[in-house]
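**Student:** Attaching a single structure in structure tokens format; questions to follow.
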Amino acid sequence: MPSPHRLAVHWFRRDLRILDNSALHAAAAGASCVLPVYLASDRKGAHLWTGPKRQAFLCRNLASLAGNLETIGGRLIVRSGAADEALEKLIVESGADALYFNRDPDPFGRAMEAKVEAMARRVGVACYGFHDVTLHDPGEVLTQDGKPYRVYTPYSRNWLALEKPRPLPKPGPLHTPPDIASLPLPQNGHWGLPETDADLVEAGERAAHERLKAAIHGKVQSYGLKRDTPGASGTSRLSQDLRFGLLSPRTVFSRAVKAREASGSAVEKAGIDIYIKELAWREFYMAILWHFPLVLEQEFNADWRGLPWQEPDDNFEAWKQGRTGFPIVDAGIREMLATGFMHNRVRMIVAMFLTKDLHIDWRLGEQFFMQHLVDGEIASNNGGWQWSAGTGADAAPYFRIQNPWAQAKSHDPQGIYTKRWVPELAGVPAPLLLDAPKSGQPLVPGYPLPCVDHRTERDRTLAMFKKHRAHQRT
């Protein structure tokens, strides 16, 4: 049976893989030839929402993708500029009669999709958008009244009960035409950004599958026991792979389910169940962003809009450098600066310290994370920051305030994580890392004393929230 289209453009976005790719699979099945394209934005210089580490990881993934496409008869075409304009030019130039892409969950991507679809109608090409970034579209997981969930637990019950889509097979040959011009694969200089010497995780689809293999054969089984211990390497480390689409959520979920079925231990099954619920958390925050895009600018909980956050000061600068005098907070920041990654439990400690101990606006921390995290995903990052600030989609009250010293005692009692990332403290006995110095002297020469007193700042935070709530009700 002949393909309905002669030449289809597949627009790569955050789906930088050939396996289990909804739009690419459909394009290969629906067209005689497929023209894969990546559109590098033409934004230049510093940006509030990205930085050299994540862009370097993107570039390495594009280089890997280009090689992978060649194994199935494809060739990655790189263009630059606004997507609707660049795609129109490519369609006219190549004579393509169809356009395929996977939809983006954030409001910026959705706005561009509307422009691209309007362009396709205007130039007379078929246009197909696919749901691929999550297992369930935000419109699939709704309350009985057809409204979006505002709290995770009831959302997750519904999400877990829904039948999950299966992974797709490898696409057939693409037969990409050889005569379509392409820009070189981008490097950080394309965006006016410096190169990075950060120790980034290995890029590419193959490396992502190796990480998935390692996660499925051991890590997810002990996830419930080790995920909150940053020194134990107990997380899957797949966040950047899902962020850039090196792995599909269908593949990750299906492999986790198979691992659960193969496990004979109740503890291991429970660990895998907790891991699967983390996939639900990811999709919950994407649904929040989809239904309530204002969260990128305002507090999700309207009661807390207009809180009198403190202006950025020397303590904020110390926080950004990992020089607060709170060892586990400093370790988290330094891990992120060095690698583009921060352990999830430590992200909560670091974020709550900024908002509840330093009283700095969560939006500033949100931006700083996005500038440095390789796995920076605006929905999850925003959700995590608003959760930590007490302003987000959360059933817990605002007075949940983590004590960073208690968190260190619970999750890094031997100081394994802390000493790795704050090496000047390597010779300090672990118990001394778990509370403010009683002597009033630095732990070691050159390492700062705690920049604030946690108990004092906790009381200030409670007073700030209570005063704001009282004012809102008058």
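**Student:** When you check GLU366 against the structure, is it crowded, with 19+ Cβ neighbours inside 10 Å and free of Cβ contacts under 8 Å to residues at least 24 places away in the same chain, yes or no?
**Tutor:** On the way: crowded, with 19+ Cβ neighbours inside 10 Å: yes; free of Cβ contacts under 8 Å to residues at least 24 places away in the same chain: yes.
Yes: the conditions hold for GLU366.
**Student:** Would you confirm, using the coordinates I've provided, whether LEU168 is closer than 30 Å to ALA396 by Cα and modelled with pLDDT of 95 or more?
**Tutor:** Answer is no for this residue.
**Student:** Okay, moving on. Looking only at the range 256-296, filter to residues that are assigned to a loop (DSSP other than H, G, I, E, B) and without any contact (Cβ under 8 Å) to a residue 60 or more places away in the chain; which one of those is surrounded by the fewest Cβ atoms within 10 Å (Cβ to Cβ)? Write out each step before concluding.
**Tutor:** Here is the first cut: in the range 256-296, the ones assigned to a loop (DSSP other than H, G, I, E, B) are 263-265, 292.
Then drop every residue that is not without any contact (Cβ under 8 Å) to a residue 60 or more places away in the chain, which leaves 263-265.
Details: SER263: 16, GLY264: 6, SER265: 10.
The qualifying residue surrounded by the fewest Cβ atoms within 10 Å (Cβ to Cβ) is GLY264.
**Student:** Looking only at the range 297-319, count how many residues are within 15 Å of TRP385 (Cβ to Cβ), assigned to a helix (DSSP H, G or I) and touching a Ser or Thr at 6+ places or on another chain (Cβ under 9 Å).
**Tutor:** 1
**Student:** Still on this structure, please answer the following. Answer yes if at least one residue in the range 394-408 is closer than 20 Å to ARG347 by Cα and within 20 Å of the chain's Cα centre (by Cα), and no otherwise.
**Tutor:** Among the residues of the range 394-408, at least one is closer than 20 Å to ARG347 by Cα and within 20 Å of the chain's Cα centre (by Cα), which makes the answer yes.
**Student:** Tell me whether the range 447-454 contains one or more residues that are β-branched (Val, Ile, Thr) and in contact (Cβ under 8 Å) with a residue 24 or more places away in the chain. Walk me through how you get there before you give the answer.
**Tutor:** So in the range 447-454, the residues β-branched (Val, Ile, Thr) come out as 452.
This time we only want the ones that are in contact (Cβ under 8 Å) with a residue 24 or more places away in the chain, so: 452.
Yes, the range 447-454 contains a residue that is β-branched (Val, Ile, Thr) and in contact (Cβ under 8 Å) with a residue 24 or more places away in the chain.
**Student:** Moving on to the next point. Quick check: anything in the range 124-133 in contact with a Pro (Cβ under 6 Å, 6 or more places away or on another chain), over 18 Å from VAL34 (Cβ atoms) and outside any helix (DSSP H, G or I)?
**Tutor:** From the range 124-133, those in contact with a Pro (Cβ under 6 Å, 6 or more places away or on another chain) are 133; that's our starting set.
Still in the list and also over 18 Å from VAL34 (Cβ atoms): 133.
The next check asks that each one be outside any helix (DSSP H, G or I); those that pass are 133.
The answer is yes; a qualifying residue exists.
**Student:** Restricted to the range 234-252, and to residues that are under 14 Å from GLU205 (Cβ atoms) and hydroxyl-bearing (Ser, Thr, Tyr), which residue is surrounded by the fewest Cβ atoms within 10 Å (Cβ to Cβ)?
**Tutor:** The first filter runs over the range 234-252 and keeps only residues under 14 Å from GLU205 (Cβ atoms), leaving 238, 240-248, 251-252.
If we keep only those that are hydroxyl-bearing (Ser, Thr, Tyr) too, we end up with 248, 251.
Numbers: SER248: 25, THR251: 20.
This residue is THR251.
**Student:** Let me ask something additional. Could you list, in sequence order, all residues of the range 336-352 that are in a helix (DSSP H, G or I) and surrounded by 24 or more Cβ atoms within 10 Å (Cβ to Cβ)?
**Tutor:** Within the range 336-352, MET336, VAL346, ILE349, VAL350, ALA351, MET352 qualify.
**Student:** Identify the residue in the range 393-450 that is hydroxyl-bearing (Ser, Thr, Tyr) and in a loop (DSSP other than H, G, I, E, B) and, among all such residues, is surrounded by the fewest Cβ atoms within 10 Å (Cβ to Cβ).
**Tutor:** Per the stated criteria, the residue is SER439.
**Student:** If you don't mind, there's one more thing I want to ask. Somewhere in the range 148-155, is a residue in contact with a helix residue (DSSP H, G or I) (Cβ under 8 Å, 6 or more places away or on another chain), surrounded by fewer than 16 Cβ atoms within 10 Å (Cβ to Cβ) and touching a residue at least 12 places away in the same chain (Cβ under 8 Å)?
**Tutor:** No, there is no match, as no residue in the range 148-155 is in contact with a helix residue (DSSP H, G or I) (Cβ under 8 Å, 6 or more places away or on another chain), surrounded by fewer than 16 Cβ atoms within 10 Å (Cβ to Cβ) and touching a residue at least 12 places away in the same chain (Cβ under 8 Å).
**Student:** Picking from ALA161, ALA118, which residue would you name as being of a type in the set (Gly, Ala, Ser), surrounded by fewer than 19 Cβ atoms within 10 Å (Cβ to Cβ) and within 30 Å of ILE276 (Cβ to Cβ)? Write out each step before concluding.
**Tutor:** Values: ALA118 fails: within 30 Å of ILE276 (Cβ to Cβ).
From the options ALA161, ALA118, the qualifying one is ALA161.
**Student:** Sticking with this one: Of the residues that sit in the range 373-405 and are charged (D, E, K, R) and in contact (Cβ under 8 Å) with a residue 24 or more places away in the chain, which one is nearest to PHE300 (Cα to Cα)?
**Tutor:** From the range 373-405, those charged (D, E, K, R) are 375, 377, 394, 400; that's our starting set.
Subsequent filtering for residues that are in contact (Cβ under 8 Å) with a residue 24 or more places away in the chain retains 375, 377, 394.
Values: ASP375: 23, GLU377: 17, ASP394: 9 Å.
The extreme case among them is ASP394.
**Student:** Count, please, the residues in the range 16-34 that happen to be touching a helix residue (DSSP H, G or I) at 6+ places or on another chain (Cβ under 6 Å) and either of a type in the set (A, V, I, L, M) or closer than 15 Å to TYR128 by Cβ (or both).
**Tutor:** Residues of the range 16-34 touching a helix residue (DSSP H, G or I) at 6+ places or on another chain (Cβ under 6 Å): 16-18, 20, 34.
Checking which are either of a type in the set (A, V, I, L, M) or closer than 15 Å to TYR128 by Cβ (or both) leaves us with 16, 18, 34.
Residues flagged as touching a helix residue (DSSP H, G or I) at 6+ places or on another chain (Cβ under 6 Å) and either of a type in the set (A, V, I, L, M) or closer than 15 Å to TYR128 by Cβ (or both) within the range 16-34 amount to 3.
**Student:** Looking at LEU247, LEU279, can you tell me which residue is within 20 Å of GLU140 (Cα to Cα) and at pLDDT 95 or above? Steps first, please.
**Tutor:** Details: LEU247 fails: within 20 Å of GLU140 (Cα to Cα).
Answer to the check: LEU279.
**Student:** If you don't mind, there's one more thing I want to ask. Looking at the range 177-185, is at least one residue more than 19 Å from GLU283 (Cβ to Cβ), of a type in the set (A, V, I, L, M) and exposed (fewer than 14 other Cβ atoms within 10 Å of the Cβ)? Walk me through how you get there before you give the answer.
**Tutor:** Pass one, the range 177-185, residues more than 19 Å from GLU283 (Cβ to Cβ): 177-185.
Retained after the next criterion (residues that are of a type in the set (A, V, I, L, M)): 180-181, 183, 185.
Now restrict to residues that are exposed (fewer than 14 other Cβ atoms within 10 Å of the Cβ): 181, 183.
Checking the range 177-185: at least one residue is more than 19 Å from GLU283 (Cβ to Cβ), of a type in the set (A, V, I, L, M) and exposed (fewer than 14 other Cβ atoms within 10 Å of the Cβ).
The values are calculated or read from the model by the stated rules, or taken from the named source; none is laboratory data. This structure is a prediction, so every number in the text was calculated from the model and none was measured. Virtual Cβ from ideal backbone geometry, glycine too; neighbours counted across all protein chains shown.
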